[in-house]
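Below: one structure, written as structure tokens.
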């Protein structure tokens with residue numbers, strides 16, 4: 001017979017192998033509640049973001065990029081000069097303001113300040129045509145970032161459409177579409193860019209003062225070249241992803257339900273390769289910036305007086321011995337942007353797609 | 001209107017396989033398969049791995065374009081044109097509960113997808129209500145609705161898959177080994193749920209499995225497949241107690257018995273050799289290469305399914 005003590009717990013018999021229940025305490029309500037810890041439902045995206053923010057390099061690059069973007073957005077509002085403005089004091093051209101070092105005023109400006117006037121400092125000095133160099137670098141960064149972003153978006157859209165159609169349909173369609181990709185892959189891009197900008201210069205004429213004419217035909221041909229040539233890598237990548245995702249049962253399930261191919265691609269396939277898409281787009285931006293920079297460097301980029309980081313670096317080449325800082329500023333900016341975008345892309349990849357980690 | 005819900009006649013499903021450079025070989029995954037399913041009936045389809053069970057299920061749902069034969073649903077032949085509307089009547093539950101649910105969708109969206117595709121609701125509230133009804137039907141809590149598939153166990157995932165199949169109120173569901181990825185205790189739960197759903201909703205199942213005891217438990221009739229052919233069909237108890245075809249007999253003798261005493265006495269029929277490759281099928285009866293009773297006649301002509309009394313059909317030349 002089991003005996004109970006006054007607490008209602010069974011008393012252990014001396015020779016019994018049972019656990020002595022008297023040695024146990026009943027859990028309080030609060031302790032019981034502590035057991036019911038359920039982790040919060042996290043989405044794939046939130047989970048990836050959490051991982052991303054634990055990566056110090058990625059966080060650093062996000063900070064650097066944010067700072068650069070804040071500067072290029074707000075600097076033109078603060079700095080009273082424009083990128084094409086030749087410096088003048090009281091309406092008179094300041095001929096002494098050429099090739100000034102950072103934070104140095106020309107003679108005319110010093111005189112003006114001595115007379116009680118206020119003059120905004122030339123943070124990066126001035127260039128050989130007496131234009132404020134800081135604002136030119138800011139505008140150059142703007143152009144480079146915009147080019148990088150737009151080119152990547154063009155590449156993303158074309159590559160995504162092409163790759164997903166090719167991968168989803170498969171078979172003969174895939175075969176033909178991929179051979180076209182191979183053909184485009186083999187074209188020399190430099191040659192095409194040069195030829196296109198020559199041809200486009202001939203056939204395109206913009207109203208002066210319109211946004212397009214400011215960008216210049218070289219820039220437009222650059223976009224066109226990106227649209228024509230650079231999407232192939234993205235298309236291949238997405239096709240490969242889709243080929244592997246397509247084999248999953250949930251795609252078959254969606255077909256059984258009666259979902260149309262468009263819906264299947266949009267709702268089932270693309271969300272499952274979105275990580276790869278984000279990562280490769282993030283890595284595409286620096287490569288586009290680089291392309292723009294070297295094209296501007298060889299003189300095929302933006303049209304004067306619009307600056308870009310590449311054309312600024314090119315212009316600085318002439319006076320390299322006397323004014324090395326004119327090369328250093330745009331070069332450092334390119335480095336910072338490209339490096340932080342690359343690190344951010346790596347961080348995104350590690351956070352969203354650990355399988356791709358080398 | 002015919003007596004049967006689903007009539008499969010001479011269904012053939014061949015696949016082209018690269019046999020070498022510039023050479024394609026036909027793989028006869030399903031070769032001349034015929035069977036019928038009545039409304040509310042469960043037909044079990046058994047056979048060893050690679051014999052074409054899954055292919056039969058998928059060809060019926062037109063996930064593959066059948067090479068030959070017809071499938072009639074409620075007396076109407078299924079074609080590419082009317083399959084769109086028939087998707088509301090026929091659904092499928094998949095084998096692998098891990099890959100059959102989209103990892104980027106919440107349970108609510110997974111179950112709601114058939115409703116979205118067929119526009120079976122008039123407003124968000126109705127959609128939500130229908131989804132919650134389906135979830136309670138398969139034994140999921142309402143709070144699970146906003147969670148993702150990876151947060152569930154195998155059994156719960158399979159319930160989600162079943163709720164998705166039920167969302168359109170189908171009359172017929174192909175269950176493609178729905179329990180083989182689950183452990184035994186969960187298998188029992190899921191199978192009992194299938195039975196309850198049949199009683200409640202009157203759906204018919206084509207229940208594909210390789211576990212004979214599971215199939216016997218749930219099916220009214222059982223069809224045995226070997227290498228793309230149906231070799232025997234009968235009422236499930238009839239097939240279990242008095243199998244005719246030598247393949248069925250050896251298959252049944254392989255069922256483990258949880259009693260060592262009887263198991264020792266039992267006469268195991270062990271088959272010689274391997275299953276022939278479906279790329280290179282034997283002539284005549286597909287089973288003759290492993291059959292103890294094979295004669296010359298078996299090599300010449302493939303036997304048809306013939307009635308051996310009481311609806312027990314068997315495809316064998318031996319009487």
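The values are calculated or read from the model by the stated rules, or taken from the named source; none is laboratory data. Since the structure is predicted, the reported quantities are computational estimates derived from the model, not experimental observations. Glycine gets a Cβ as well: all are built from the backbone with ideal geometry, and neighbour counts include every protein chain shown.
Observations on the structure shown:
- Search result, residues across segment A:266-280 that are more than 21 Å from the chain's Cα centre (by Cα) and either under 15 Å from residue A:166 (Cβ atoms) or more than 13 Å from chain B (Cβ to nearest Cβ) (or both): A:269
- Within segment B:48-78, being more than 8 Å from chain A (Cβ to nearest Cβ), part of a loop (DSSP other than H, G, I, E, B) and either touching a helix residue (DSSP H, G or I) at 6+ places or on another chain (Cβ under 8 Å) or closer than 20 Å to residue B:13 by Cα (or both) holds for B:48, B:49, B:50, B:51, B:52, B:62, B:64, B:65, B:66, B:67, B:78.
- Filter result for residue B:304 (closer than 16 Å to residue B:32 by Cα, out of contact with any helix residue (DSSP H, G or I) (no Cβ under 9 Å at 6 or more places or on another chain), surrounded by fewer than 18 Cβ atoms within 10 Å (Cβ to Cβ) and at pLDDT below 90): yes
- Test: residue in segment B:10-17 that is within 14 Å of another protein chain (Cβ to nearest Cβ), in contact (Cβ under 8 Å) with a residue 12 or more places away in the chain, surrounded by 16 or more Cβ atoms within 10 Å (Cβ to Cβ) and in contact with a strand residue (DSSP E or B) (Cβ under 9 Å, 6 or more places away or on another chain): yes
- For segment B:79-92, the count of residues that are in contact with a helix residue (DSSP H, G or I) (Cβ under 6 Å, 6 or more places away or on another chain), surrounded by 20 or more Cβ atoms within 10 Å (Cβ to Cβ) and facing another protein chain (nearest Cβ under 10 Å) is nonzero.
- Qualifying residue in segment A:58-65 (condition: at pLDDT below 85, touching a helix residue (DSSP H, G or I) at 6+ places or on another chain (Cβ under 9 Å) and either within 14 Å of chain B (Cβ to nearest Cβ) or assigned to a helix (DSSP H, G or I) (or both)): no
- When we screen B:206, B:271 for residues that are in contact with a helix residue (DSSP H, G or I) (Cβ under 7 Å, 6 or more places away or on another chain) and closer than 30 Å to residue B:194 by Cβ, the only hit is B:206.
- Flag set for residue A:307, criterion: away from chain B (no Cβ under 14 Å) and either under 30 Å from residue B:111 (Cβ atoms) or modelled with pLDDT of 80 or more (or both).
- In summary, residue B:97 fulfils each of the numbered conditions (1) away from chain A (no Cβ under 11 Å); (2) under 30 Å from residue B:217 (Cα atoms); (3) crowded, with 16+ Cβ neighbours inside 10 Å with the single exception of condition (1).
- Failed item in (1) modelled with pLDDT of 85 or more; (2) buried (at least 17 other Cβ atoms within 10 Å of the Cβ), with residue A:332 passing the rest: (2)
- Total residues in segment A:126-164 satisfying the condition of being touching a strand residue (DSSP E or B) at 6+ places or on another chain (Cβ under 6 Å) and part of a helix (DSSP H, G or I): the figure is 1.
- For segment A:228-339, the helices (runs of 4 or more DSSP H) that sit wholly inside it and include 3 or more residues that are within 30 Å of residue B:117 (Cα to Cα) and touching a helix residue (DSSP H, G or I) at 6+ places or on another chain (Cβ under 9 Å) are A:231-245, A:249-257, A:270-297.
- Odd one out for residue A:107 among (1) over 22 Å from residue A:305 (Cβ atoms); (2) surrounded by 13 or more Cβ atoms within 10 Å (Cβ to Cβ); (3) in contact with a helix residue (DSSP H, G or I) (Cβ under 7 Å, 6 or more places away or on another chain); (4) modelled with pLDDT of 80 or more: (2)
- Note on segment A:222-250: among residues that are without any contact (Cβ under 8 Å) to a residue 40 or more places away in the chain and more than 14 Å from chain B (Cβ to nearest Cβ), the one that is surrounded by the most Cβ atoms within 10 Å (Cβ to Cβ) is A:225.
- The single residue among A:121, A:80, A:76 that is away from chain B (no Cβ under 14 Å) and touching a residue at least 60 places away in the same chain (Cβ under 8 Å) turns out to be A:76.
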